[in-house]
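**Q** Structure in structure tokens, see below.
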Amino acid sequence: MISSNRIGNNLILLFLGLALVCGHVYAKASPATELGDKIIQSCDRNVNHFILDKLAANRIVMIGEAHGSSACMQRVVSVLNAWVDTLDHADAKTTQVPAKLYLFLERDSADVKGMYDYFKTGDISFHLEPGSILFSKFTTANIEFWSDLRSFVKRVDLINTKRSAENKIQFEIVGPEVLYDTFHNPMEASAKYFFFERDINSSNNIIKRLNDHPDYKGLIYYGGAHLSKVEELKSADTMSEYGYYMAYYLDREFGPKGGIYRIGITAPRTPLPWLDSAEAAPGTDYGIDDSVFAGVDLFEKTGHREHKGDGAIMVMHWNTREKPVAQVWSERIVSAVMNNLDSVADYSGDYRARYWPRIAAYMSAVSGLPIEKIDPEDRKAINSTIARWRKWHKTTPPDYVAEIDSLTIWKRLINLMASDTSQSDRYDTLIAMNLGMRPMTPVVHVMGRRIDQFRDSLTQNHDRIVTENLIHLLWVATPAEEKKAIPILQKLTGQRFATAKEWTIWWRGKQRGR
């Protein structure tokens, strides 16, 4: 007999994308076999079909993501290609799939302009600035996503060359976020905007764009929290207030005019054994309408507002580790940080205090220079440190491909960790996350044992560490780095791939045991 708590926990895992910001919710007991049978009978194994069907019937479809997850981003790319497949093999005048589509991303207009510039040139420099690079959920999967969108836009353009003017596929990426200078405003003001003003402003921009262009549909790809359509407690460091997320405002506008369909994507780390009966085969995805759960009381209503979307997607994706861009050793990333250091020095005092230690740790990792402890309010000391970093970068540019191949970067970080116990926790995080280990803080009292663990990992996992890091490097590599990295990868793995995308697909399959 499966306990009600266990069933409740598993249900919450399954519908993570639908209840991501709900607070404390608990499921009532429901026989797992009955639920599995209902899913088998009602789910759509073709997730792209499931989403396109909702897009045909509704004005807007929202898809919730877990930031930095390749599973979510690759699903969006797959849906877009399935959309064009449908239009390319059917009469656009008779198919129910819309021929005009906006993809709304969690970006502002300047970001999207930079993205379209990248589509033309292939230069990702616009997106590489410290505020993004040092954000832990900005990963190589994001850069892969831009690359896939670039290929998709080129595909649409090619198809349109063969179509008449009135029958062309209309596709545009839109960034509805309001341009807001977060880093140069005080942190309290930025937090207030982010939590309590941003969603309604972004929603208004989406509403205006769609109302001005009534023949377009909208596919909205945003963080899962924005899919909530009920009042939520929003908390920043200095305030806690109730407010609404994007889905509330969009549902209020479009619900009576064709509907809004919220779809949460969840990517479980492990299979859910209690749902074995609902899985046709390992690795398959499926979409489910919330109507499947009529009679299955998922949420108790005592003390909490009921929070439920219109559907769910189970993405049977065994997560592989996505590497934050700040842990990708490449001259392109180092140059991007160096070129933007002056802007970091100009951040508001709050943000400078928060980001400066991260930048100092990053520069220590790439340069081998010790972490300098500087008062973020001491602009003279900051400028002096920046000058030293720039001198190092100009006179001693490292060969990061060679440093990865020889494990020099990690050996250097381990030595720095051993020599500066005051920064041991920061070095531990840098080393552990990059090696795929769990950071352990505080570490000062087990320093010797921890350093031995790191050195053992380097010895035992040389090929995996080098392969993984060189593959991630390819997404941002300079031409010289790419030329050096690919032969090393080919020698280590016996594979003969030539692009970052090919290597990434192979590596993900290998990590899943395929």
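**Q** I want to verify the translational diffusion coefficient of segment 35-89 in µm²/s; compute it with Stokes-Einstein, Rh as the Kirkwood radius over Cα pairs, at 10 °C and 1.306 mPa s.
**A** On the way: Rh = 12.7 Å.
Diffusion coefficient, whole number: 125 µm²/s.
**Q** For segment 347-435, which whole percent of the accessible surface, found with a 1.4 angstrom probe, sits on carbon and sulfur atoms?
**A** On segment 347-435, the fraction of accessible area on carbon and sulfur atoms equals 51 percent.
**Q** Now, a different point. Net charge near residue 385: determine it from the other residues with C-beta under 13 Å of the C-beta of residue 385, scoring Lys and Arg +1 and Asp and Glu -1.
**A** On the way: positive: 352, 373, 379, 380, 388, 390, 391; negative: 342, 372, 375, 378.
After counting each charged neighbour, the total is +3.
**Q** With the cut-off at 25 Å, tell me which of the pairs 54/162; 411/484; 120/162 have Cα atoms farther apart than that.
**A** 54/162
**Q** Follow-up question, since we're still on this one. Using a Cα-Cα cut-off of under 20 Å, which aspartates and glutamates could be cross-linked to residue 380, ignoring same-chain neighbours fewer than 8 residues away?
**A** Cα-Cα hits under 20 Å: 342, 346, 350, 372.
**Q** Any number yet on Rg/Rh for segment 129-263, C-alpha, Kirkwood? Each step should come with its number before you reach the end.
**A** Details: Rg = 17.9 Å, Rh = 17.6 Å.
In segment 129-263, Rg relative to Rh is 1.02.
**Q** Okay, next question. What share of Cα pairs, in percent, lie more than 17 angstrom apart in segment 381-514?
**A** Values: 5825 of 8911 pairs.
The proportion of pairs with Cα distances above 17 Å equals 65 percent.
**Q** How long is the gain from residue 378 to residue 180 if the chain were fully straight, where each residue apart is worth 0.36 nm and the alpha carbon distance is subtracted?
**A** Here the answer is 68.7 nm.
**Q** Same structure, new question: Given a cut-off of 15 Å, what percent of all Cα-Cα pairs of segment 354-415 lie beyond it?
**A** On the way: 1019 of 1891 pairs.
Within segment 354-415, distances greater than 15 Å cover 54 percent of Cα pairs.
**Q** How large is the convex hull of the C-alpha atoms of segment 445-490 per residue, in Å³?
**A** Values: hull volume 4.0 nm³, N = 46.
For segment 445-490, the hull spanned by Cα atoms encloses 88 Å³ per residue.
**Q** Something else now. Label residue 155 and residue 100 with points 7 Å out from Cα along Cα→Cβ: what is the distance between them in nm?
**A** Calculated label separation equals 2.3 nm.
**Q** Binning every alpha carbon pair distance of segment 475-514 at 10 Å from zero, what are the percents per bin?
**A** 29, 56, 15, 1
**Q** Right, next: Would you mind getting the accessible area per residue of segment 98-245, heavy atoms of the protein chains only, 1.4 Å probe, in Å²?
**A** Details: 6590 Å² over 148 residues.
Averaged over the residues of segment 98-245, the accessible area is 45 Å².
**Q** Give me the percent of the accessible area of segment 108-258 that comes from carbon and sulfur atoms, probe 1.4 Å, all protein chains in place.
**A** C and S atoms contribute 51 percent here.
**Q** Between segment 438-514 and segment 330-385, what's the alpha-carbon centroid distance in Å?
**A** Measuring centre to centre over Cα atoms gives 26 Å.
**Q** Still on this model: Rank by packing, highest mean first: peptides 213-219, 171-177, with packing defined as the count of other Cβ atoms within 10 Å averaged across residues. If you can, show how the numbers build up before the last one.
**A** Details: 213-219: 16.9, 171-177: 19.7.
Listed from highest to lowest mean packing, they are 171-177, 213-219.
**Q** What share of Cα pairs, in percent, lie more than 13 angstrom apart in segment 181-227?
**A** Numbers: 712 of 1081 pairs.
Value for segment 181-227 (Cα pairs over 13 Å): 66 percent.
**Q** Here's something else I'd like to know. Return one whole number: the accessible area per residue of segment 447-506 in Å², for a 1.4 Å probe. It would help to have the intermediate numbers written out before the result.
**A** Working: 3000 Å² over 60 residues.
Result: 50 Å² of accessible area for each residue.
**Q** List every residue whose amide H lies under 5 Å from the amide H of residue 220, counting only residues 5 or more places away in sequence or on a different chain, with H placed 1.01 Å from N in the peptide plane.
**A** 61, 62, 63, 104
**Q** Oh, and also: Return the lysines within reach of residue 234: Cα separation strictly under 25 angstrom, same-chain partners fewer than 8 residues apart disregarded; answer none if there are no such residues.
**A** 137, 192, 301, 308
The values are calculated or read from the model by the stated rules, or taken from the named source; none is laboratory data. The structure displayed is predicted, hence computed values, not measured ones. Neighbour counts are summed over all protein chains in view; Cβ atoms, including those assigned to glycine, are modelled from backbone coordinates with ideal geometry. We work out accessible area using only protein heavy atoms, side chains counted, and drop any ligands, DNA or RNA first. Shrake-Rupley method; radii C 1.70, N 1.55, O 1.52, S 1.80 Å.
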